[in-house]
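These notes concern the structure reproduced below.
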Amino acid sequence: MLSYGKVLLAETLVPPGDKPDEIKFIDVIMLAITGGRERTEEEYGELLARARLRLDRVLPTKASISVLESSPI
């Protein structure tokens, strides 16, 4: 079966490394209050792979949101 199309996610990405960042602070708040969390680009790649999608590219925006473009594997 052939599948066509793209899945676009508008998400905040946790930057790699140990440098302080506003998104990392938001991640801690989300974890403490809602039990949720922000993800890194790598974690989104793994999550999408479990859904049989491939993370094709990440498009940064002027805001803290990035657009993650994925397609069927």
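Karplus-derived 3J(HN,Hα) values for the range 23-34, using 6.51 cos²θ - 1.76 cosθ + 1.60 with θ = phi - 60°, are 5, 5, 5, 4, 4, 5, 4, 4, 5, 5, 8, 10 Hz; glycine and proline are entered as x.
Beta bridges per DSSP, both residues in the chain: antiparallel share near 95 percent.
With contacts taken as Cα pairs under 8 Å at a separation of at least 6 residues, the chain carries a relative contact order of 39 percent. Stretching the chain fully between VAL28 and GLU43 yields a gain of 3.8 nm (0.36 nm per residue, less the alpha carbon separation).
Residues of the chain were split at every exposed loop site, defined as trypsin sites (Lys or Arg not before Pro) in a DSSP loop with at most 10 other C-beta atoms within 10 angstrom, and the longest piece left, sites excluded, is 7-51.
The GluC sites (Glu not before Pro) of the range 14-65 include none that meets both criteria, a DSSP state outside H, G, I, E and B (loop) and at most 14 other C-beta atoms within 10 angstrom of the site's C-beta. Nonpolar atom fraction for the chain, defined as the carbon and sulfur part of the 1.4 Å probe accessible area, stands at 59 percent. Note on the range 1-70: along the principal axes its Cα atoms extend 43, 27, 19 Å, ordered by decreasing extent. For the range 14-55, the dipole from Cβ point charges (+1 on Lys and Arg, -1 on Asp and Glu) about the Cα centre works out to 260 debye, to the nearest 20. Among the chymotrypsin sites (Phe, Trp or Tyr not before Pro) within the range 1-70, those in coil by DSSP and having at most 15 neighbouring Cβ atoms inside 10 Å are TYR4.
The charge dipole of the chain, taken about its Cα centre with unit charges on the Cβ of Lys, Arg, Asp and Glu (plus for the first two, minus for the last two), comes to roughly 280 debye. Positive end of the dipole of the chain (Cβ unit charges, origin at the Cα centre): among ILE29, PRO15, ALA49, the Cα lying farthest that way belongs to ALA49.
The values are calculated or read from the model by the stated rules, or taken from the named source; none is laboratory data. Computed from a predicted model, the values in this text were never measured in an experiment. Quick reminder, even Gly has a Cβ in these numbers, built from the backbone with ideal geometry, and neighbours come from all protein chains shown. Note: areas computed on protein heavy atoms with side chains; ligands, DNA, RNA excluded. Shrake-Rupley method; radii C 1.70, N 1.55, O 1.52, S 1.80 Å.
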